[in-house]
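K.L.:
Have a look at the structure that comes next, please.
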Amino acid sequence: MDDLLEPYQKLIRIVVLGRVFSVPENNVVLRQMQFVAPDIGSGRYCWNAECRYCEIEYTRGEGSPTAALACRIKGVDGMRIVKCAAEIRYNMGDALAGAPPADR
């Protein structure tokens, strides 16, 4: 999987649907999700913003959630993904079940 990731120096913290994950910096959110949930690789994603199976809503602090495609936006430390397309929720099911809950 290392050949699928952009180069990174450290892991950053993101929250996906209320669960905490450490993922490689400098990568798009869908690759970061694949880092913790390898089943993403077998999902129905096109990886080029056409299928919309990777739609998310996220926040970077306070404010209303912003819609984006996980294959196009880079995840940043502290990002909170508050809504995911059904395909992502399905492929991340085991990872979400095993990850610690985020502190409020």
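The values are calculated or read from the model by the stated rules, or taken from the named source; none is laboratory data. All values derive from a computational prediction rather than experimental measurement. A quick note on method: Cβ atoms are made from the backbone with ideal geometry, for glycine too, and the neighbour counts reach across all protein chains shown. These accessible areas exclude ligands, DNA and RNA; they are computed on the full protein's heavy atoms, side chains included. Shrake-Rupley method; radii C 1.70, N 1.55, O 1.52, S 1.80 Å.
K.L.:
All but one of (1) open to solvent by 20 Å² or more (accessible area, probe 1.4 Å); (2) not in a helix (DSSP H, G or I) hold for A97; state the number of the condition that does not hold.
P.N.:
Unmet for A97, out of (1) open to solvent by 20 Å² or more (accessible area, probe 1.4 Å); (2) not in a helix (DSSP H, G or I): (2).
K.L.:
Can you name the number of the only condition in (1) open to solvent by less than 60 Å² (accessible area, probe 1.4 Å); (2) within 10 Å of the chain's Cα centre (by Cα) that K74 fails?
P.N.:
The failed condition is (1).
K.L.:
Okay, next question. For the stretch 40-56, state whether one or more residues are more than 15 Å from L4 (Cα to Cα), assigned to a strand (DSSP E or B) and in contact (Cβ under 8 Å) with a residue 12 or more places away in the chain.
P.N.:
Yes - at least one qualifying residue is present in the stretch 40-56.
K.L.:
Right, another one. If you check V16, V23, which single one turns out to be closer than 18 Å to A102 by Cβ, crowded, with 19+ Cβ neighbours inside 10 Å, in contact (Cβ under 8 Å) with a residue 60 or more places away in the chain and of a type in the set (A, V, I, L, M)?
P.N.:
The conditions single out V16.
K.L.:
Let me ask something additional. Out of (1) surrounded by 17 or more Cβ atoms within 10 Å (Cβ to Cβ); (2) touching a strand residue (DSSP E or B) at 6+ places or on another chain (Cβ under 8 Å); (3) farther than 12 Å from V36 by Cβ, what's the single condition that is false for E87?
P.N.:
Of the numbered conditions (1) surrounded by 17 or more Cβ atoms within 10 Å (Cβ to Cβ); (2) touching a strand residue (DSSP E or B) at 6+ places or on another chain (Cβ under 8 Å); (3) farther than 12 Å from V36 by Cβ, the odd one out for E87 is (2).
K.L.:
Here's something else I'd like to know. Restricting attention to the stretch 52-101, which residues are modelled with pLDDT under 95 and either touching a Lys or Arg at 6+ places or on another chain (Cβ under 7 Å) or within 19 Å of P24 (Cβ to Cβ) (or both)?
P.N.:
Result: R60, single match.
K.L.:
Okay, next question. If we keep just the residues of the stretch 46-70 that are of a type in the set (A, V, I, L, M, F, W, C) and more than 19 Å from A102 (Cβ to Cβ), which is surrounded by the fewest Cβ atoms within 10 Å (Cβ to Cβ)?
P.N.:
Across the stretch 46-70, the extreme among qualifying residues is A67.
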